[in-house]
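The values are calculated or read from the model by the stated rules, or taken from the named source; none is laboratory data. These numbers come from a predicted model, not from an experiment. Positions of Cβ are backbone-derived with ideal geometry, glycine not excepted, and every protein chain shown enters the neighbour counts.
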Amino acid sequence: MSDRQPAGALLAAAVTVLFWSSAFVSIRSAGAAYSPGALALGRLAVAALLLGGFALVRRVGWPDRRAWPGILTSGLLWFGGYMVFLNWGERLVDAGTAALVVNVGPILIALLSTWLLREAAPRSLWVGIAVSFAGTVVVGLSMSGGGSSSLLGVLLCVLAAITYAIGVVAQKPALRHGSALQITTYSALVAAIALLPFAGVLAREAADAPLSATLNVIYLGVGPTAIAFTTWAYALARTSASKLGATTYVVPALVVVMSWLFLGEVPGWLTLAGGALCLAGVAVSRRRVAAPVAVVSPRG
């Protein structure tokens with residue numbers, strides 16, 4: 001695959017990163033009224049209904065059988081498991097610790113995609129990931145003051161990072177046998193079905209939840225799930241999993257800005273410095289690798 005990504009893939013990745021960054025604010029609001037499993041089911045149910053309706057209008061057919069291993073793996077582990085683990089983990093650890101642990105995900109994606117997908121991993125990618133992860137560490141430390149961390153909470157965040165990484169790597173081959181809309185729609189349906197045991201809890205909590213929390217659940221289903229996961233799949237089909245995974249290190253920097261704007265949480269200089277490191281690392285990871293120049297020996 002060429003190291004040059006189409007403009008459409010870059011735009012799609014930008015849309016994904018923006019929506020996933022905004023999800024941080026919405027999860028904090030909705031999580032006060034909805035438990036981890038119910039929140040994940042509500043979010044995925046909204047996404048599955050929206051994507052399913054759109055797929056019917058577009059007459060998207062049944063996926064090719066070769067796409068189903070990736071759909072089932074990403075649907076169960078990433079769309080479903082990741083959301084439950086992350087929602088639960090963030091209740092037991094402070095935001096800084098959660099950010100530190102979950103952002104191991106792009107590193108795992110790079111390792112797995114190099115091993116399983118045989119993707120090239122240039123030095124600039126690893127340098128960029130290292131710089132961005134250092135920025136995540138700085139942001140995490142600056143957000144961890146006075147917070148609490150439990151062993152279970154850290155373990156849940158580790159599971160979130162692992163399921164995220166496996167889901168992304170599993171989705172990549174599936175996109176060779178289906179469109180971004182098709183793969184995302186059926187992955188969301190698989191996850192929603194898997195989380196149906198939480199339906200009773202969701203119904204009870206929705207009856208007591210304030211309107212603002214429910215609206216945030218709906219927003220999470222529409223923006224950060226239905227739209228963002230589709231644009232992610234579109235970008236993933238057109239670039240390497242490791243390089244796309246590294247772009248998610250923009251999220252901590254954007255979360256800092258959005259928390260400042262919408263929650264009134266004024267970041268300290270250490271947090272800003274960490275956010276700048278995250279952005280710098282993403283820029284380095286996306287540097288193009290110069291093609292080797294062929295040396296032609298003169299003929300005598």
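What the table shows:
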{"read-out": "Where a residue in the range 67-80 is crowded, with 23+ Cβ neighbours inside 10 Å and its partner, wherever it lies, is not in a helix (DSSP H, G or I), with Cβ under 7 Å and at least six apart", "value": "Ile71/Pro63; Gly80/Leu195"}
{"read-out": "Condition met for Ser187 (buried (at least 17 other Cβ atoms within 10 Å of the Cβ) and at pLDDT below 95)", "value": "no"}
{"read-out": "Yes/no for Val46 being within 15 Å of Gly221 (Cβ to Cβ) and among the β-branched types (Val, Ile, Thr)", "value": "yes"}
{"read-out": "Selection status of Gly223, farther than 29 Å from Gly8 by Cα and either out of contact with any His (no Cβ under 9 Å at 6 or more places or on another chain) or modelled with pLDDT under 70 (or both)", "value": "no"}
{"read-out": "Within the range 81-132, considering residues that are in contact with a Leu (Cβ under 6 Å, 6 or more places away or on another chain) and within 25 Å of Ile183 (Cβ to Cβ), the one surrounded by the fewest Cβ atoms within 10 Å (Cβ to Cβ)", "value": "Asn87"}
{"read-out": "Residue in the range 36-47 that is assigned to a helix (DSSP H, G or I), over 19 Å from Leu175 (Cβ atoms) and in contact with a Lys or Arg (Cβ under 8 Å, 6 or more places away or on another chain) present", "value": "yes"}
{"read-out": "Top-ranked residue of the range 134-153 - restricted to ones that are of a type in the set (A, V, I, L, M, F, W, C), closer than 30 Å to Lys172 by Cβ and at pLDDT below 80, ranked as surrounded by the fewest Cβ atoms within 10 Å (Cβ to Cβ)", "value": "Val137"}
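Residue-wise test of (1) in contact (Cβ under 8 Å) with a residue 24 or more places away in the chain; (2) more than 13 Å from Gly81 (Cβ to Cβ).
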{"residue": "Val158", "(1), (2)": "yes, no"}
{"residue": "Ile166", "(1), (2)": "yes, no"}
{"residue": "Gly178", "(1), (2)": "yes, yes"}
{"residue": "Val190", "(1), (2)": "yes, no"}
{"residue": "Pro197", "(1), (2)": "yes, yes"}
{"residue": "Ala207", "(1), (2)": "no, yes"}
{"residue": "Pro210", "(1), (2)": "yes, yes"}
{"residue": "Ile218", "(1), (2)": "yes, yes"}
{"residue": "Val222", "(1), (2)": "yes, yes"}
